1. Are any residues in region 134-164 farther than 25 Å from K214 by Cβ and assigned to a loop (DSSP other than H, G, I, E, B), and if so, which ones?
2. Could you grab me the full set of residues in region 165-180 that are open to solvent by less than 60 Å² (accessible area, probe 1.4 Å) and in a loop (DSSP other than H, G, I, E, B)?
3. Which condition does S11 not pass, out of (1) open to solvent by less than 40 Å² (accessible area, probe 1.4 Å); (2) out of contact with any Ser or Thr (no Cβ under 9 Å at 6 or more places or on another chain), if it passes all the others?
4. What pairs can you find where one residue is in region 38-56 and over 19 Å from D206 (Cβ atoms), the other is surrounded by fewer than 14 Cβ atoms within 10 Å (Cβ to Cβ) and modelled with pLDDT of 95 or more, and their Cβ atoms are less than 6 Å apart, with a gap of 6+ or different chains?
5. Does any residue of region 112-133 turn out to be surrounded by fewer than 19 Cβ atoms within 10 Å (Cβ to Cβ), modelled with pLDDT of 95 or more, not basic (K, R) and not in a loop (DSSP other than H, G, I, E, B)?
6. Grab the helices (runs of 4 or more DSSP H) fully contained in region 25-106, keeping just those with 3 or more residues being under 13 Å from the mean Cα position of the chain (by Cα).
7. Tell me which residues, restricted to region 1-24, are over 18 Å from the mean Cα position of the chain (by Cα) and not in a loop (DSSP other than H, G, I, E, B).
8. Of all residues being in a helix (DSSP H, G or I) and aliphatic (A, V, I, L, M) in region 195-210, which is farthest from I121 (Cα to Cα)? Just the residue, please.
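The values are calculated or read from the model by the stated rules, or taken from the named source; none is laboratory data. Treat the numbers as computed from the prediction; the structure is a model and nothing was measured. Cβ placement follows ideal geometry from the backbone for every residue including glycine, while neighbour counts extend to all protein chains displayed. SASA here: full protein model, heavy atoms, side chains in, ligands and nucleic acids out. Shrake-Rupley method; radii C 1.70, N 1.55, O 1.52, S 1.80 Å.
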Amino acid sequence: ADAPATLLILSGGAGTIGKVNENGWPASGNFLIRSGKQFAAHGFNLAMVSKPSDLDGLDPLLRVSERHLDDMHKVLRYARAQSDAPIWLVATSQSTISAAAVAIAERDSGLVAGMVLSSSITNYRIPNAVPKLDLERIRVPVLVMHHERDACFACRPHEVANIYDGLKNSPVRKLLMVNGGSDPVGDPCEARHYHGYIGMEQEAVDLIAAWIKKPMK
């Protein structure tokens with residue numbers, strides 16, 4: 001009841017969150033999903049949003065579709081019914097497309113209080129890359145966080161500033177480039193690499209949580 005915010009956690013990739021384990025937590029290795037307990041420790045309400053059960057997964061085209069936006073609007077309304085706390089969209093990798101599209105579509109409803117975009121899709125060759133969206137229509141606080149060593153072809157660090165620049169009407173916006181972590185393994189576009197803040201999960205969560213509680217430039 002006294003949560004500072006309700007976080008809608010949006011997984012990257014196809015939008016899966018993994019099966020719920022015996023402790024009640026989804027098992028996905030996605031940065032945001034595997035960091036759920038750290039977010040909860042900051043006192044937030046959490047809602048981890050998975051892909052629709054009748055789809056194999058979400059892609060950059062589906063993430064801006066009317067169907068997806070309608071689904072997310074229903075999720076927002078459900079979250080509002082559970083708590084009066086401000087609702088923040090917290091996204092990573094491919095789900096940053098979803099978060100931005102939802103914030104654009106929800107601009108008049110007042111359901112979205114703010115947004116965090118981590119490891120955003122920046123490459124203009126990717127359909128609906130975040131810098132290509134109508135970011136000027138977003139009028140809520142936005143934190144754009146990216147790892148300086150993100151080696152994913154779709155999330156090139158040198159293009160992140162294009163997102164910040166596009167958020168012309170956000171009342172508070174911040175671009176936060178981080179450089180930490182250790183022992184990246186596997187595909188550079190997957191969760192156990194710098195793209196997924198490997199080895200610095202707690203630091204990344206703490207930075208996000210502090211900004212949500214007190215957005216500042």
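1. D134, R149, D150, A151, C152, F153, A154, C155, R156, listed by residue number.
2. If the condition is that a residue be open to solvent by less than 60 Å² (accessible area, probe 1.4 Å) and in a loop (DSSP other than H, G, I, E, B), then L167, S170, V172, G180 are the ones that fit.
3. Among (1) open to solvent by less than 40 Å² (accessible area, probe 1.4 Å); (2) out of contact with any Ser or Thr (no Cβ under 9 Å at 6 or more places or on another chain), the lone unmet condition for S11 is (2).
4. So the pair list comes out as K51/G57.
5. Taking every residue of region 112-133 in turn, none turns out to be surrounded by fewer than 19 Cβ atoms within 10 Å (Cβ to Cβ), modelled with pLDDT of 95 or more, not basic (K, R) and not in a loop (DSSP other than H, G, I, E, B).
6. Numbers: elements: 31-34, 36-41, 66-82, 95-105.
Qualifying helices (runs of 4 or more DSSP H): 31-34, 95-105.
7. V20
8. Only one residue fits best here, namely A210.
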